[in-house]
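Below is one structure, written out as structure tokens, with a few remarks after it.
Throughout, read-outs are computed from the coordinates displayed, never taken from laboratory work. What you see is a predicted model; the values in this text were computed from it and never measured. Here the Cβ is made from the backbone with ideal geometry for all residues, glycine too, and neighbour counts use every protein chain on show.
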Amino acid sequence: MFVKALYPEGFKSLGAHTIGKNGVIYLKLGNLEKAWNTEYRKHGRLAQPLIVLTIVKNGKIAIESINLKQNRIFQNTKITPKFKLLKTIKKDTANTLKSGNIQPTAGYYQWLDDSYTWTTPTIVAQVTPDSTTYYDISYTYFKNHDVGFSINVFADSDWTRLTSYNWVQENDAGKVNASTDKGQDYYIWMDFTYRWERWGIHIDGQTFYEDYVYIADFNPSTLSGGTSKPSDAQTPPIDKWIYEGNYQSSGYPAYYQFHLYNLGTNEFSLDALKFIEVLRRLGKISSIAAQKASLIGLFISVNFKYENANAFDFDLFLHSPAGYSHDVWRTESTDMDTVPILYFDVD
């Protein structure tokens, strides 16, 4: 079994471990917690400890993840690996291993083969009204609240999503409030830091690779809104429009209201495909990984609720003069899961 831990700068190897008959391994994570505490003190970013396990057994692979609690000395966690046949493992030659520190010899080890980090504004909410609709809109991040970002892994020719999130909190807050004119589009965005890592795993003269794509950081101080979006703003893939219904306006109050809890889930979607395209242009990611990401419409799921506390708040109130009829729609993304997007269209 190969173990990684997520540090402030990215995943680090915690080595290869042989699982005994009782299936138990012991990990010392004092350095991991110290690293995150230092990161919070210096840069205001803190994450819950995250461990990733790659388990190889009898030609099969399972990639599992575990979220731990900060400042807990002893924690016991049980996992049940979900194995699938490992098809892409191959015999090593001197040319297959990119790292100069790794030699194609027998043994069990993993290494960070390559990585890339990219920060860009990403749309988190958008409204496209009809010509008679004006509205009030707000979006908030509450200081030091945890936000969970899904981690997508490409291994053995398929993308999968880890069950655990990268839970991040920021010692900063951000808020956007706006009231618009009739028929005016409005966008809300914030800077997110995407990260890709390619890991090689070597098993007795054979090697396979894992590609990790995840959100490493976000910046609440960049939370902004406007009637036009930044030219480089990323938008999640829209796969389905959900019909919210037909509403008749009476002038006041709002003919339609939406609040974050109306999603009926703790998640919303962020774009991943633009980052995949950046990696493809740079020659970082394989063509098959990029192609399969595009085919399924890969996105990053954002969980905004941790231990009954919401990190984000979103409110929308649609108005128009009395006597008008409006059809309201919102959106979803679908790849391996289906997750809402805070996009609204009024016809």
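For the stretch 2-346, the Kirkwood hydrodynamic radius from C-alpha pairs, put into Stokes-Einstein at 37 °C and a viscosity of 0.692 mPa s, yields a diffusion coefficient of 150 µm² per second. Distances between placed amide hydrogens fall under 5 Å for Tyr186 paired with Val127, all partners being 5 or more residues away or on another chain. Any idea how far the Cα center of the stretch 2-62 sits from the one of the stretch 126-179, in Å? With the stretch 2-62 and the stretch 126-179 each reduced to a Cα centre, they are spaced 25 Å.
Spin-label model, Lys84/Ser286: points 7 Å from Cα along the beta carbon direction are separated by 1.3 nm. With contacts taken as Cα pairs under 8 Å at a separation of at least 6 residues, the stretch 2-346 carries a relative contact order of 19 percent. Ranked by the mean number of other Cβ atoms within 10 Å of their residues, highest first, the peptides 319-330, 242-253 come out as 319-330, 242-253.
How large is the convex hull of the Cα atoms of the stretch 281-347 per residue, expressed in Å³ as a whole number? It would help to have the intermediate numbers written out before the result.
Working: hull volume 11.9 nm³, N = 67.
With only Cα atoms used, the stretch 281-347 gives 177 Å³ per residue.
Both numbers refer to the Cα atoms of the stretch 139-274; Rg and Dmax are 19.5, 73 Å. Separation of the stretch 285-301 from the stretch 228-277 is 23 Å, based on Cα centroids. Our summary of shape: the Cα atoms of the stretch 161-221 have principal axis extents of 66, 30, 19 Å, ordered from largest down, in whole angstrom. Legend: distances between Cα atoms for Lys12/Lys84; Lys34/Lys78; Lys82/Lys143; Lys12/Lys240; Lys12/Lys175; Lys175/Lys284; pairs beyond 32 Å are Lys82/Lys143; Lys12/Lys240; Lys12/Lys175; Lys175/Lys284.
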